[in-house]
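The values are calculated or read from the model by the stated rules, or taken from the named source; none is laboratory data. Since the model is a prediction, treat every value here as computed from it, not as a measurement. Please note: Cβ atoms are built from the backbone with ideal geometry, for glycine as well, and neighbour counts cover all protein chains shown. Accessible surface areas use protein heavy atoms only, side chains included; no ligands, DNA or RNA. Shrake-Rupley method; radii C 1.70, N 1.55, O 1.52, S 1.80 Å.
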There are 4 protein chains.
Amino acid sequence: YGKNTIKFLRLHKEGKKDFVKEVEVCTHLRLTSAQEYLDGNNSLVIPTDTIKNIVLVLAKKNGIPTIEQFAIDICKHFMTTFCQVVYVKTYVQEVPWQRLQENGVPHIHSFICAPEGIRFCEAEQCRNGPLVISAGIKDLKLMKTTMSGFEGFYKNEHTTLPERHDRILCGELFCKWSYGEHKDFDFDCIWYMNKIRECILEAFAGPPDCGEYSPSYQKTVNSIQMHVLSKVSQVQIIETMLNNTFYNVVDMKNLGLTNEKEVLVPVETPYGSCACTLARKKFLEA
Amino acid sequence: YGKNTIKFLRLHKEGKKDFVKEVEVCTHLRLTSAQEYLDGNNSLVIPTDTIKNIVLVLAKKNGIPTIEQFAIDICKHFMTTFCQVVYVKTYVQEVPWQRLQENGVPHIHSFICAPEGIRFCEAEQCRNGPLVISAGIKDLKLMKTTMSGFEGFYKNEHTTLPERHDRILCGELFCKWSYGEHKDFDFDCIWYMNKIRECILEAFAGPPDCGEYSPSYQKTVNSIQMHVLSKVSQVQIIETMLNNTFYNVVDMKNLGLTNEKEVLVPVETPYGSCACTLARKKFLEA
Amino acid sequence: YGKNTIKFLRLHKEGKKDFVKEVEVCTHLRLTSAQEYLDGNNSLVIPTDTIKNIVLVLAKKNGIPTIEQFAIDICKHFMTTFCQVVYVKTYVQEVPWQRLQENGVPHIHSFICAPEGIRFCEAEQCRNGPLVISAGIKDLKLMKTTMSGFEGFYKNEHTTLPERHDRILCGELFCKWSYGEHKDFDFDCIWYMNKIRECILEAFAGPPDCGEYSPSYQKTVNSIQMHVLSKVSQVQIIETMLNNTFYNVVDMKNLGLTNEKEVLVPVETPYGSCACTLARKKFLEA
Amino acid sequence: YGKNTIKFLRLHKEGKKDFVKEVEVCTHLRLTSAQEYLDGNNSLVIPTDTIKNIVLVLAKKNGIPTIEQFAIDICKHFMTTFCQVVYVKTYVQEVPWQRLQENGVPHIHSFICAPEGIRFCEAEQCRNGPLVISAGIKDLKLMKTTMSGFEGFYKNEHTTLPERHDRILCGELFCKWSYGEHKDFDFDCIWYMNKIRECILEAFAGPPDCGEYSPSYQKTVNSIQMHVLSKVSQVQIIETMLNNTFYNVVDMKNLGLTNEKEVLVPVETPYGSCACTLARKKFLEA
């Protein structure tokens, strides 16, 4: 198969106001043929350059109402236009441009890049199969300074880690959920109204006045998934990965000081991650 | 000379609320001696490990009220403690942890990393010289989708660039300003009350309802500097660099379409940057 | 499941000579249990810290004769020691330290990092399943300045790419091959004697005096795979990916010059890649 | 001032053989004028696009015999052509493409990227000043597994580092030397015949059969500089920086094992670097 990545900006005006979407689009194609590999016969090969042109033409003609809709448009175009394509997957990721504000007034044409989590989506289709839509958020760096521990784990002669009931929980979160087969969803509504991002943050942090104790990275991952599934009915299955950053309390005894979780250093290696996928029962039964 | 970098977290509690500062501290030292280079005599060398310990001990004892104050503490410690040190510079940069909010309520112990510009500072001192303080912001990615052009530039036989009166202005901004010799400033007050960051954004963007035309990257750099100097009296000199990202309007004639600044691609190379330093007159005369 | 990465150095002496292996080891584990996710019950969880200790202890006790053998040792250890582990995969990647030479004489303890392709391997096992070994090379950047073209491809109204019979072929190669179920192979012998790396380079480049025409990236990928399968009998299946870097001949007409493939600029976007997996027939039938 | 970076490939043929140079060129210009900053008057500004064209045209017309000669050509062109330029600096860095060999036979058109140190140079000129040429090597990663220690350093209450007489010395080396004012040097001859790179490696490693003890990073830096100055008469001044990577011997007592510098882990932070500049006496007197 072949893969192709293109990055571009789509601008449009409504009245005096500019709207901007900068996206990175990666298109995977699998063809019926093997002759380009075996014989060097290129007659069915769609050049990278053509794929790029198609993506740009679709952006020009349809705009990018949501990144999900744009991914769907691209998938459909390849399936409909090229009978040699047996599989297409389109990944779209958005550069987090945010409108500038001056004393609360939104600026008509100035933006700042605010990367607190990158929104992305994927549309995927096999010939004769359904069009399946996923969406997600990545590069979301979060920290809890307390209300996290790790106790009661498996121990043997190689265990040196002490039990801790008050450590720092810090990591980079990746979440990807599937909406299942494509229906006429309003993707921005799901994103902004159902507040998936807020759901994730809430489940991570717990109530603002007291938080919620996390007994492990694993449990926190599960809490996030359960919370999203309970709040957003369109989500069928959710995959979550948490890349952990560990912090060690610096031992200052040699320096004549006690240090009770005041000065900590991040540990670069070993680093770990835990990942889990959770689906609705009826989705699995289907 | 020698340089040493350490990254760590400083936590403290006020009531039920946690406060967190994660910083990267880089300390440069120059010694009176050359014997460690010439003869391998290490008797005046301060090991990296000791520098690290000192930085951590100061963080533990004094906390990090502002990154500027912390840089000053470190500088003073090295100058006072080690007579073999002839020059010290301390650079401190802050990881942009921001307190999470749920429906407007700030969370007592959960944070998100929000990298819309990184705050940093520098304290610098030669033996028998004044302690000089600078501060700055970097990695601030900004874009104006209109009200920017580039015309009337120098032309000769190697010129192929057309004049443009409506292009995209996009870049990554670096600003560093000096407060001159150390006085008892309230650095957080200058940062938050005088709103240096807001000053920069205002000068870049212009009024929210109409913006301000930029005839070049150079002029925009100058506007930012003039605005900061006029609004923040403590700033003596300001250095500004703008790393430009160019966007080309895609030519779609071959594809049978017109494209009037709707679909654009970023140009990776050549890329350029312009930099300028602007000082108050009385500062230069002094 | 959980993943854990650790980087370390293993030194040993033979006579006066030092031998060094610096490796990055990533261990994936999947457990029988789900209770750590659902209930926060950690009693079967193997902490990252313990995994790190095990990897270091095995390196200390057994050394790293080959990275493949080391990956096998780690896999076996986890399967044998922890009955809650249902799946383990160990990835090992080697930092390319090469012994320094002075006028042809190898140095007994000095090394240079020479990253012309990174050697890696993977050992993988499900409980009650076979131990499967793969190896590979990545980050191998190669270029052919001629004897490469791309013609006769599929064309429609979105095609703007001209046919080219003399372009530059440049890319970053990733190859991973499987030895199938673990047998007592001498992995270094296969690597150094069967010269897999040389095989790949030969197939990419063709005969040194004339080269071999490549009609597409796809065909070059296939040639590499066919060549490795024909020369190295232990390889059962081979996966190859080529990340293409395109070079455009600069149009200098506006500057009054002709440029016949003398000055070219790399094109950052769109970039593409093609990937293919090829297996022996009898391997697929098995 | 303004800065501009462009990356491109220059190919040429001699008989059947292809020669390739891929370079990254960064040009800094300072102009007489300030009006582009103050008034937005661009009449003296040389656009990035024009700078790019000039660099490409010079590469096309003159080729790149050595990167130093190419940097000189660019500097001279800007000084001669544009009277508004008061200062120009050109930095050229070479992508380390190396001709492939099959059984010792060099390939006529296939290359591999072999990044064991990146060669670069700089040409610099102020109006009415001399043209000054520097050259250097960077990203050279070296390691000595023994014959290195650090003892007798300054100690006080913040010292926790033990003295070590057998540690690992590992780092990334940056060296930049000046040839002084431009004369008609054969730069490739200096590079290949005087073997500057070999000089550096020799001084770092010592004799191949026994090495040479290094009492500190500082002393090693100095040895490299002394060796280059003694062997290469054209070098007037040399600047060397060593970014240290520290390795800690893993404490395995808790795991019931002794570990005598067999298993070590790299320490990410704190990391340090030491830098020094050394010049010939007569150069300083001049």
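Which one of A:Asp166, A:Asp186, A:Asp139 is over 22 Å from C:Tyr1 (Cα atoms) and within 12 Å of another protein chain (Cβ to nearest Cβ)?
Going through A:Asp166, A:Asp186, A:Asp139 in turn, the sole match is A:Asp166.
List the pairs whose first member sits in region C:27-56 and is more than 7 Å from chain A (Cβ to nearest Cβ), whose second member is open to solvent by 30 Å² or more (accessible area, probe 1.4 Å) and of a type in the set (Ser, Thr, Tyr), and whose Cβ atoms are under 9 Å apart, counting only residues at least 6 apart or on separate chains?
C:Thr27/C:Tyr91; C:His28/C:Tyr1; C:His28/C:Tyr91; C:Leu29/C:Tyr1; C:Arg30/C:Tyr1; C:Leu31/C:Tyr1; C:Ser33/C:Ser43; C:Gln35/C:Ser43
What are the residues in region B:248-286 that are of a type in the set (A, V, I, L, M) and either part of a loop (DSSP other than H, G, I, E, B) or open to solvent by 50 Å² or more (accessible area, probe 1.4 Å) (or both), if any?
Correct list: B:Val249, B:Val250, B:Met252, B:Leu257, B:Leu284, B:Ala286.
Would you call A:Pro106 within 24 Å of B:Leu169 (Cα to Cα) and within 9 Å of chain B (Cβ to nearest Cβ)?
yes
Go through region D:218-242 and report how many residues are among the hydrophobic types (A, V, I, L, M, F, W, C), within 24 Å of D:His165 (Cβ to Cβ) and assigned to a helix (DSSP H, G or I).
3
In the list B:Pro47, B:Pro96, which residue meets the criterion of being farther than 30 Å from D:Phe150 by Cβ and assigned by the TED database to the domain that holds B:Phe120?
Numbers: B:Pro47 fails: farther than 30 Å from D:Phe150 by Cβ.
Among B:Pro47, B:Pro96, only B:Pro96 is farther than 30 Å from D:Phe150 by Cβ and assigned by the TED database to the domain that holds B:Phe120.
Output the number of residues of region A:65-106 satisfying the condition of being free of Cβ contacts under 8 Å to residues at least 24 places away in the same chain, under 19 Å from A:Leu29 (Cα atoms) and within 25 Å of the chain's Cα centre (by Cα).
2
D:Thr145 is checked against (1) open to solvent by less than 50 Å² (accessible area, probe 1.4 Å); (2) over 14 Å from the mean Cα position of the chain (by Cα); (3) touching a residue at least 24 places away in the same chain (Cβ under 8 Å) and fails just one. What number does that condition carry?
Among (1) open to solvent by less than 50 Å² (accessible area, probe 1.4 Å); (2) over 14 Å from the mean Cα position of the chain (by Cα); (3) touching a residue at least 24 places away in the same chain (Cβ under 8 Å), D:Thr145 violates only (3).
Looking at C:Cys210 and the list (1) away from chain D (no Cβ under 14 Å); (2) more than 26 Å from D:Lys7 (Cβ to Cβ); (3) part of a loop (DSSP other than H, G, I, E, B), which single condition is not satisfied?
(1)
Any residue in region A:1-14 that is closer than 14 Å to A:Val25 by Cβ sitting within a Cβ distance under 6 Å of a residue that is of a type in the set (Lys, Arg)? List the pairs, counting only those 6 or more apart or interchain.
A:Ile6/A:Lys52; A:Arg10/A:Lys21
State whether the residues of region C:245-256 include one that is touching an Asp or Glu at 6+ places or on another chain (Cβ under 7 Å), assigned by the TED database to the domain that holds C:Glu163, within 29 Å of D:Ala59 (Cα to Cα) and at pLDDT 90 or above.
Taking every residue of region C:245-256 in turn, none turns out to be touching an Asp or Glu at 6+ places or on another chain (Cβ under 7 Å), assigned by the TED database to the domain that holds C:Glu163, within 29 Å of D:Ala59 (Cα to Cα) and at pLDDT 90 or above.
So how many residues does region A:118-142 have that are out of contact with any Pro (no Cβ under 7 Å at 6 or more places or on another chain), surrounded by fewer than 20 Cβ atoms within 10 Å (Cβ to Cβ) and farther than 26 Å from A:Glu181 by Cα?
Adding up the residues that qualify gives 0.
Taking the condition of being open to solvent by 50 Å² or more (accessible area, probe 1.4 Å), in contact with a strand residue (DSSP E or B) (Cβ under 9 Å, 6 or more places away or on another chain) and more than 28 Å from D:Arg30 (Cβ to Cβ), how many residues in region B:203-247 meet it?
Residues flagged as open to solvent by 50 Å² or more (accessible area, probe 1.4 Å), in contact with a strand residue (DSSP E or B) (Cβ under 9 Å, 6 or more places away or on another chain) and more than 28 Å from D:Arg30 (Cβ to Cβ) within region B:203-247 amount to 3.
List the number of the failed condition for C:Thr245; all other conditions in (1) farther than 19 Å from C:Lys141 by Cα; (2) part of a strand (DSSP E or B) hold.
Result: C:Thr245 fails condition (1) only.
For region A:169-189, state whether one or more residues are outside any loop (DSSP other than H, G, I, E, B), under 27 Å from B:Val20 (Cα atoms) and open to solvent by 10 Å² or more (accessible area, probe 1.4 Å).
Checking region A:169-189: at least one residue is outside any loop (DSSP other than H, G, I, E, B), under 27 Å from B:Val20 (Cα atoms) and open to solvent by 10 Å² or more (accessible area, probe 1.4 Å).
Every residue, every condition in (1) more than 7 Å from every other protein chain (Cβ to nearest Cβ); (2) under 30 Å from A:Lys52 (Cα atoms); (3) not small (Gly, Ala, Ser), yes or no:
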| residue | (1), (2), (3) |
| --- | --- |
| C:Arg99 | yes, no, yes |
| C:Glu116 | no, no, yes |
| C:Val132 | yes, no, yes |
| C:Glu151 | no, yes, yes |
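Restricting to region B:218-257, count the residues that are closer than 19 Å to B:Thr145 by Cβ and out of contact with any helix residue (DSSP H, G or I) (no Cβ under 9 Å at 6 or more places or on another chain).
So the count comes out to 5.
Take D:Val221 and tell me if it is more than 9 Å from every other protein chain (Cβ to nearest Cβ), in contact (Cβ under 8 Å) with a residue 40 or more places away in the chain and among the aliphatic types (A, V, I, L, M).
Taking the combined requirement at face value, the residue does not satisfy it.
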